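A.B. asks: Here you go, one structure.
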Amino acid sequence: MATAVTEKYRTVIGLEFHVQLLTESKMFCACSAQYAANPPNTVVCPVCLGLPGALPVINEKVIECIVMTGMALNSQIPEFAKFDRKNYPYPDLPKGYQISQFDLPFCIEGHLTLDEEDGGRTIGITRVHQEEDTAKSTHVTAASGERYSLVDFNRSGVPLMEVVTEPDIASPEEAAAFGRKLRQIVRYLGISTGNMEDGAMRCDANISVWPADAPLGDIKVEVKNMNSFRAVERALYFEQERQTRILESGNDTRVTETRGWVETSGETVSQRTKEEAHDYRYFPEPDLPPLQLSREWIEGVREKLPELPAAKKERFMAEFDLSDYDASLLTQSRDLADYFEAASAGAKNAKAVANWMSRNLLQRLNESGSEIGDCKISPDALAEMILMIESGAISNRMAQEVFDQMFDTGKSAKVIVKEQGLAQISDEDELAGIVATVIAENPAAVQDFNQGKKRAIGFLVGQVMKATRGKANPGIVNQKLQEALRQD
Amino acid sequence: MNLSTLTVHEAQDLLGRGETTSVELTEAVLARIEAVDETVKAYVTVTVEQARAQAQAADARRAQDGADAPPLLGIPAAIKDVINTKGVRTTCSSRMLENYIPPYDATVMQKLNAQGSVLVGKTNMDEFAMGSSTEHSAFFTTRNPWDTDRVPGGSSGGSAAAVAADEAVFSLGSDTGGSIRQPAALCGVVGMKPTYGRVSRYGLVAFASSLDQIGPFTKDVTDCAIVLEAICGQDPKDATSAPEVVPAWREAMKQDVRGLRIGVPREYFGEGTDPAVEESVREAIDQMMALGVEVEDVSLPHTDHALATYYIIAPAEASANLARYDGIRYGHAAQDAESMWEAYSRTRGEGFGSEVKRRILVGTHALSSGYYDAYYLKAQKVRTLIAADFQQAFEWVDAIVSPTSATVAFKIGERIDDPISMYLSDLYTLPGNVAGLPGISLPCGLADGLPIGLQFVGKPFEESTLLRLAFAYEQASGVRYTPALA
């Protein structure tokens with residue numbers, strides 16, 4: 001991508017993420033936050049409908065989720081935080097303001113280091129703060145041509161966490177990598193599904209392109225409406241190209257504006273310029289006293305922090321002697337890592353588990369588009385299969401077949417082997433008998449062997465395998481054949 | 001005897017002794033409303049059927065509870081139309097909510113209902129509690145029962161007039177800048193604004209969230225203590241309600257006042273205070289001295305800035321609090337608008353009155369980018385200084401004494417076109433809201449046949465001291481103020 005044009009310019013990107021938190025209740029009322037499956041406007045109360053006289057009450061669990069995220073992003077957690085009203089009118093905003101945080105958020109001054117394969121740079125995190133979700137508007141055009149909008153308040157007041165980065169991101173790929181890394185963290189913390197597709201995680205990007213040898217200007221373009229990381233990357237590419245072209249023209253006509261990504265046409269479209277921008281008139285939320293977070297409470301949250309992806313990967317490499325690649329792969333998600341650790345504990349052979357997971361299990365999951373949580377093979381079942389290989393009960397080759405059946409049916413390796421008579425024949429007497437028969441029936445091959453054509457033994461092994469339908473233990477067959485032929 | 005003239009504690013005694021019933025008491029109050037409310041216009045809604053049903057239920061419960069009956073069981077109450085009453089229209093005296101029936105009860109209503117009090121109706125007020133006369137009601141102006149050409153004060157004018165005219169045994173109002181104490185003074189009844197955080201605001205339609213507080217109107221100080229005990233207490237639904245124990249005020253108020261110290265601020269009694277009001281209040285202060293209360297000079301140096309501070313902070317909060325009235329979910333909605341913005345501007349243009357619009361505009365401006373620091377932030381700093389003034393004075397004295405209102409009730413129409421003179425109505429009460437302090441007003445005399453209010457403002461959560469002072473004064477003066485309403 002290092003064309004002459006891109007070397008002349010540098011791209012400055014800052015990201016804002018809105019993450020829906022997986023709490024039981026909404027941010028400021030007792031309504032369920034798991035509203036999705038319910039008919040419109042049934043998961044509501046005076047508070048989240050903004051009825052006259054209703055007051056918000058803080059959901060402490062939300063603060064815990066946000067502070068935990070801040071800790072995972074290496075942020076400072078100030079002891080003093082407050083809430084503010086962000087004022088703007090819209091039908092999906094029942095109070096006419098959103099309760100957010102302006103100048104004293106829960107988490108400040110953090111950073112996140114990207115993986116080596118994503119460039120390995122450290123991106124500054126400006127802040128992590130609380131917001132509440134809006135209701136959902138649906139714009140309808142009836143058959144008669146009449147246009148109207150419907151509002152569903154089930155989503156109103158669902159807790160949101162906003163993560164804001166410094167303008168440290170230098171390319172669309174890096175932006176997408178950051179987003180995936182953040183998603184991995186919120187999933188590890190178990191505080192959000194992190195799904196972009198259903199809006200549980202949303203990304204707005206600020207991007208501007210400047211001549212590489214000049215100071216940065218103060219224009220920036222905010223891009224919205226991307227509902228996948230792929231879309232984030234594509235939209236930022238488009239915008240990077242668009243701005244570069246304008247700069248190349250020698251007449252910088254750019255303005256600070258908000259542009260929407262249109263997935264179907266693959267372009268960004270201007271939605272709002274600075275002159276039309278809202279004055280949010282932030283002021284301290286008088287209905288909620290400022291919060292003093294005690295050091296004890298903060299440390300209590302720190303103790304609840306699970307092992308994070310980076311630390312887990314390091315540990316897997318050290319403790320299980322995994323390659324960087326395997327360790328990255330197996331720490332992709334907490335579920336996958338937990339699966340690996342459980343199977344390794346059973347199999348007493350982490351390397352083998354890692355191999356089976358990276359070569360077989362993940363591939364089958366990918367093909368079927370399912371998650372480790374949906375996998376029919378339990379960690380114990382995988383461990384059992386690996387132990388059977390090691391004990392010689394099944395051969396590696398048979399294990400491939402057994403594994404596929406386990407994946408499809410959820411049956412254990414033992415059951416599959418028993419049902420289909422797949423057990424490996426390792427009984428020396430039985431194999432000696434079969435070897436004797438094969439030697440007797442193939443005098444030509446025996447003669448070839450005796451005349452020095454050592455390769456003829458391969459044919460004889462094949463005959464034994466054929467006679468046992470592949471179940472003979474190849475090591476023992478070889479040994480028995482050698483013995484029998486020497487006696488001849 | 002006309003039962004409607006009873007105080008809460010008098011009614012309690014009769015009910016307890018079985019000499020009357022809640023049904024009789026309620027019928028007497030309803031009859032009184034029927035007789036005088038056409039003149040007084042205290043009520044926006046009279047809940048006749050509900051009141052009768054509640055009275056019957058109260059009598060049945062008294063038969064069960066006997067001596068354990070709660071203090072307010074069967075007592076008819078009027079509620080300012082800014083407090084949500086489930087199933088009963090709650091209008092805030094605004095076109096915007098003219099037909100709004102709330103689906104839930106305010107916490108204070110739950111508390112009153114738990115005691116079994118009887119709701120007789122919802123009272124008139126200045127629209128969204130913005131005003132000092134009820135002239136800003138979208139429906140009509142309430143009349144002062146002492147002189148029906150005059151205002152009852154506001155914004156809780158309907159609640160004050162209802163109690164003064166015996167159209168309710170007690171009532172609830174809300175006080176953001178004096179909206180309980182000033183009308184109590186002008187109507188000759190007792191009114192208290194408790195400490196900010198004493199009473200849950202859940203279900204009180206918000207005007208200025210950091211200043212609003214619910215409180216009682218009663219015919220005497222004893223009733224004030226009784227109602228206060230019923231409505232105070234921390235509420236998990238209001239994050240600003242305080243975890244303070246609710247004292248037994250009816251007993252606490254009887255404690256001798258000898259040795260208590262009250263302060264007269266040097267900055268008070270300036271220009272604009274009616275000489276008759278000053279004279280009456282100074283006489284009351286002398287009477288307090290005679291009771292063994294020590295009187296001290298104190299200084300509240302930032303008094304002059306209280307009005308300006310208040311008229312930045314209250315409108316700023318109001319501008320956000322009233323943003324929810326957009327016609328989308330409830331309330332007035334403009335018909336046949338062509339766009340969202342037209343729907344918004346017409347809904348709000350039609351639904352709000354001029355004073356509400358004035359304050360929304362002032363508040364929006366004060367919070368605007370480029371003006372925030374000069375107005376809102378500055379006002380918050382001055383607010384801190386005003387609170388510090390009181391804190392300093394309270395190192396010397398137990399309460400501040402002053403007139404409640406600089407004047408007696410003014411004529412209807414007299415100040416309506418002059419917002420500043422209307423705002424000055426609350427000069428003595430505003431600082432208490434700005435500093436979050438409790439204040440009580442009780443009658444201390446008449447000038448030209450119109451009641452004068454005496455105010456005590458106390459330390460945070462020291463309502464006991466205010467009730468002691470007020471009760472001692474009331475006992476010593478021995479006057480019961482009753483308007484000669486036909």
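A.B. asks: Hey, could you get me the Stokes-Einstein D for the stretch A:307-419, Kirkwood radius over alpha-carbon pairs, 10 °C and 1.306 mPa s, rounded to whole µm² s⁻¹?
C.D. replies: 113
A.B. asks: Determine, for each peptide in A:469-479, B:224-234, A:362-372, the mean count of other beta carbons within 10 angstrom over its residues, then list the peptides with the highest first.
C.D. replies: Peptide ranking by packing, descending: B:224-234, A:469-479, A:362-372.
A.B. asks: At 7 Å along the Cα-to-beta-carbon direction for both A:Asp213 and B:Glu19, put a label point, then send me their distance in nm to one decimal.
C.D. replies: 10.3
A.B. asks: Regarding the stretch A:4-297, what are the three Cα extents along the principal axes, ordered largest first, in Å?
C.D. replies: Over the stretch A:4-297, Cα extents along the principal axes are 61, 60, 33 Å.
A.B. asks: Within 10 Å of each Cβ in B:362-370, how many Cβ atoms from other chains are there, averaged over the peptide?
C.D. replies: 3
A.B. asks: Follow-up question, since we're still on this one. Could you give the dipole magnitude of the stretch A:10-105 about its Cα centre, charging the beta-carbon of Lys and Arg +1 and that of Asp and Glu -1, in debye to the nearest 20?
C.D. replies: That gives a dipole near 200 debye.
A.B. asks: Considering the protein assembly as shown, what Rg and Dmax in Å follow from its alpha-carbon atoms?
C.D. replies: 38.9, 142
A.B. asks: Now for a separate question. Which value at 222 nm does chain A reach when only helices count, each DSSP H run of 4 or more adding -39,500 (n - 2.57), with the total divided by all residues and rounded to the nearest 500 deg cm²/dmol?
C.D. replies: Helices in chain A give a 222 nm mean residue ellipticity of -12000 deg cm²/dmol.
A.B. asks: A further question follows. Work out how much length A:Ala444 to A:Asn251 would gain on full extension: take 0.36 nm times their residue separation and subtract the Cα-Cα distance, in nm to one decimal.
C.D. replies: 60.7 nm
A.B. asks: What nm distance separates the two modelled labels at A:Gln34 and B:Val48, each placed 7 Å from Cα along Cα→Cβ?
C.D. replies: Using points 7 Å along Cα→Cβ, the separation is 5.2 nm.
A.B. asks: Could you point to the residue in A:Leu329, A:Ser370, A:Ala354 farthest towards the positive end of the stretch A:307-419's charge dipole, with +1 and -1 charges on the Cβ of Lys/Arg and Asp/Glu respectively?
C.D. replies: A:Ala354
A.B. asks: Please list, or write none, the lysines whose alpha carbon is within less than 16 Å of the alpha carbon of A:Lys414, excluding same-chain residues fewer than 8 places away.
C.D. replies: Qualifying lysines at Cα under 16 Å: A:Lys376, A:Lys471.
A.B. asks: In degrees, nearest 10, range 0 to 90: what is the angle between the Cα axis of helix A:428-441 and the longest Cα principal axis of chain A?
C.D. replies: The two axes meet at around 60 degrees.
A.B. asks: Still on this structure, I have one more. Report, please, the projected area of the stretch A:323-362 averaged over directions, based on the convex hull of its C-alpha atoms, in nm².
C.D. replies: If you wrap the Cα atoms of the stretch A:323-362 in a convex hull and average its projections, you get 2.4 nm².
A.B. asks: Given Cβ point charges of +1 (Lys, Arg) and -1 (Asp, Glu) and nothing else, what value in debye, to the nearest 20, does the dipole of the protein assembly as shown about its Cα centre take?
C.D. replies: Value, rounded to 20: 1840 debye.
A.B. asks: Determine the distance separating the Cα centre of the stretch A:282-320 from the Cα centre of the stretch B:276-299; give it in Å without decimals.
C.D. replies: Answer, in whole Å: 58.
A.B. asks: With just the Cα atoms defining each centre, how far is the stretch A:106-172 from the stretch B:1-20? Give it in Å.
C.D. replies: 62
A.B. asks: What FRET efficiency comes out for B:Lys254 versus A:Asp404 if R0 is 51 angstrom and r is the Cβ-Cβ distance? Round to the nearest 0.05.
C.D. replies: 0.05
A.B. asks: Another question, then. Kirkwood hydrodynamic radius, the stretch B:298-439, all distinct C-alpha pairs: what's the number in Å?
C.D. replies: About 17.4 Å, per the Kirkwood formula over Cα pairs.
A.B. asks: Sticking with this structure for a sec: Please give the average number of partner chain Cβ atoms lying within 10 Å of the Cβ of each residue in B:317-326, rounded to a whole number.
C.D. replies: 6
A.B. asks: Given Cβ point charges of +1 (Lys, Arg) and -1 (Asp, Glu) and nothing else, what value in debye, to the nearest 20, does the dipole of the stretch A:4-297 about its Cα centre take?
C.D. replies: Approximately 520 debye in magnitude.
A.B. asks: Going by average Cβ density within 10 Å per residue, which order do the peptides A:211-221, B:104-114 take, highest to lowest?
C.D. replies: B:104-114, A:211-221
A.B. asks: OK, next. Would you work out the relative contact order for the stretch A:228-378, in percent, from Cα pairs under 8 angstrom that are 6 or more residues apart?
C.D. replies: Averaging sequence separation for qualifying contacts and normalising by length gives 11 percent for the stretch A:228-378.
A.B. asks: Let me ask another. What ranking do A:48-54, A:296-302 get when scored by the average of other Cβ atoms within 10 Å per residue, highest first?
C.D. replies: In decreasing order of mean packing, A:48-54, A:296-302 become A:48-54, A:296-302.
A.B. asks: Between A:Tyr325 and A:Glu173, what is the spin-label point distance in nm, taking each point 7 Å from the Cα along the Cα→C-beta axis?
C.D. replies: Label at A:Tyr325, label at A:Glu173, 1.8 nm between them.
A.B. asks: With r defined as the distance between the Cβ atoms of B:Asp448 and B:Glu294 and R0 fixed at 41 Å, what FRET efficiency is calculated, to the nearest 0.05?
C.D. replies: Once rounded, the FRET efficiency stands at 0.80.
A.B. asks: Further question on the same structure: In whole angstrom, how far apart do the alpha carbon centroids of the stretch B:397-434 and the stretch B:106-164 sit?
C.D. replies: 17
A.B. asks: Here is a follow-up. Relative contact order of the stretch A:428-487: what whole-number percent is it, with Cα pairs under 8 angstrom and at least 6 residues apart?
C.D. replies: 43
A.B. asks: Please state the relative contact order of the stretch A:4-297 as a whole percent: Cα pairs under 8 Å, 6+ residues apart?
C.D. replies: In percent, rounded to a whole number, it is 24.
A.B. asks: Also, I was wondering about something else. Near the amide H of B:Arg198, under 5 Å away, which other amide H atoms are found, from residues 5 or more places off or on another chain, if H is placed in the peptide plane?
C.D. replies: Counting only residues 5 or more places away or on other chains, the set is B:Ala242.
A.B. asks: Please compute, for the alpha-carbon atoms of the stretch A:428-487, the extent along each of the three principal axes and give them in descending order in Å.
C.D. replies: Here the spans come out as 29, 20, 19 Å, largest first.
A.B. asks: As a test of the formula, what do you get for chain B when each DSSP H run with n ≥ 4 contributes -39,500 (n - 2.57) and the sum is divided by the residue count, at 222 nm and rounded to the nearest 500 deg cm²/dmol?
C.D. replies: -11500 deg cm²/dmol
A.B. asks: Within 10 Å of each Cβ in A:193-199, how many Cβ atoms from other chains are there, averaged over the peptide?
C.D. replies: Counting Cβ atoms of other protein chains within 10 Å of each residue's Cβ and averaging gives 0.
A.B. asks: Hey, any idea what Rg/Rh is for chain B, computing Rh the Kirkwood way over Cα pairs?
C.D. replies: Answer for chain B: 0.95.
A.B. asks: Oh, and also: Let me check I've understood the local charge: for B:Ser156, count other residues with C-beta under 9 angstrom from its C-beta, Lys and Arg +1, Asp and Glu -1. What total comes out?
C.D. replies: Neighbour charge sum, excluding B:Ser156 itself: -1.
Read the figures in this text as sums done on the coordinates, not as results from a lab. What you see is a predicted model, and the numbers here were worked out from it, not measured in a lab. When we count neighbours, we look across all protein chains shown, and the Cβ atoms used for this are built from the backbone with ideal geometry, even at glycine.
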